[in-house]
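Data first, discussion second: the structure below is written as structure tokens.
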Amino acid sequence: MKILTALTAACATLALAATTALAQQPIVIKFSHVVAVNTPKGKGAEQFKKLAEERTGGKVKVEVYPNSSLFKDGEEMEALQLGSVQMLAPSVSKFGPLGAREFEVFDVPYVFDNYDELHKVTEGAVGKALFKKLESKGITGLAYWDNGFKDMSANKPLRKPEDMKGLKMRIQSSKVLGDEMKALGALPQVMAFSEVYQAMQTGVVDGSENPPSNFYTQKMHEVQKYLTLTDHGVIEYAVIVNKKFWDGLPADIRTALEGAMKDATKFANDIAKKENDDALAGVKASGKTEVIALSAAEKNAWKKALLPVHKENESRVGKETLADVYKATGFTP
Ligand code: LMR
């Protein structure tokens, strides 16, 4: 009898120890993304990690996986929905395949002239309405992070829209971007970001569209002779989490993480423009890529060539959504 009592007590002690140990295990947030660390998003993710771990007193551990090291384009979203990863910050141009094609409103060419106009959309009613569309897919939108304005690159000088004719151009998985390239007479090729450098090196694609930060940190200046400052669109990110995971967090932890995300968002958006300016300076300094700045008249020729993409995609992105973006940015088609 004494032995049984001792055994029961020992089991109880063990069980208690196990429960305590488990309770002391940090909550792990795997944060996967596809760009380099020295980018607005890369640095934003590290800042979130720092603040989240500090403000939860280590009760949360954020594991950041940059450069497609955990999941690459085309895998990330499903992994998030399955809960294999808790947090992502994909480009808003990658939500079409998820069925949230309204996000492609960000891809209509030349609708944003500057970051202020972009923020009127991301921090306004449109940004919120777009996040609502993710809830039915088991995803919660937390914030929008900036990168920068896209430029066209290739191994031939691109000064006029007609110079794009027949070029194989890599794009993100967005129909609006496909139409953008077709409007320029180019051949769009959807491809994961992690495959672009090699595709340029081997000639699978002739060029692509990127903000300087992505162009430089992915070393595309080594395989692209020309970069034209078209500023025809933006790379913007939606920071998203698995809804079940987020809703299941203890309330105090979620509040601390929301605060950390708010401050990391300010941090990431405050550095975005400088990161791109510095990257462009790096491209120029490398002497490997000739940077072509367009005159106002030349840029107008690109705008004129790309304007039809708006009407073509009005029903895809939603007539109302597009009208709201025009209103917020003051864009007149
Ligand atoms: C791209 O695929 O070109 C970008 O979305 C990559 C990124 O996350 O900036």
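What follows is calculated from the coordinates using simple rules that are stated; it is not laboratory data. Values in this document were obtained by computation on a predicted structure and should not be read as measured data. Neighbour counts are summed over all protein chains in view; Cβ atoms, including those assigned to glycine, are modelled from backbone coordinates with ideal geometry.
When its C-alpha radius of gyration is set against 2.2 N^0.38 Å (N residues), the stretch 173-270 gives a value of 1.46. Across the stretch 101-107, rounded Karplus estimates of 3J(HN,Hα) from the backbone phi angles (6.51 cos²θ - 1.76 cosθ + 1.60, θ = phi - 60°) give 5, 4, 4, 6, 4, 5, 8 Hz, Gly and Pro being marked x.
Would you order Ile139, Ile271 from fewest to most other beta-carbon atoms within 10 Å of each residue's own beta-carbon?
Working: Ile139 23, Ile271 18.
If I rank by nearby Cβ atoms, fewest first, I get Ile271, Ile139.
Per residue, the average separation of C-alpha pairs within less than 8 Å and at least 6 apart gives the chain a relative contact order of 25 percent.
Would you mind calculating the relative contact order of the stretch 97-229 from Cα pairs under 8 angstrom and at least 6 residues apart, reporting the percent as a whole number?
Values: 167 pairs, mean separation 39.5, N = 133.
Averaging sequence separation for qualifying contacts and normalising by length gives 30 percent for the stretch 97-229.
Across the stretch 156-269, Cα pairs under 8 Å and at least six residues apart give a relative contact order of 23 percent. Legend: translational diffusion of the chain by Stokes-Einstein, Rh = Kirkwood radius over C-alpha pairs, 10 °C, 1.306 mPa s; D = 75 µm²/s. Listed peptides 229-242, 119-132, 289-302 appear in the order 229-242, 119-132, 289-302 once ranked by packing, highest mean of other Cβ atoms within 10 Å at the front.
Tell me what the chain gives for mean residue ellipticity at 222 nm when only DSSP H runs of n ≥ 4 count, each as -39,500 (n - 2.57), the sum divided by the residue total, rounded to 500 deg cm²/dmol. List each step's numbers first, then the result.
On the way: 14 runs with 159 residues, N = 333.
Value at 222 nm, helices only, nearest 500: -14500 deg cm²/dmol.
The convex hull defined by the C-alpha atoms of the stretch 1-156 has an orientation-averaged projected area of 14.0 nm². When the label point is put 7 Å from the Cα of Glu290 along its Cα-to-beta-carbon vector, which residues of the stretch 198-239 have a backbone N closer than 11 Å? Inside the label zone: 225-227.
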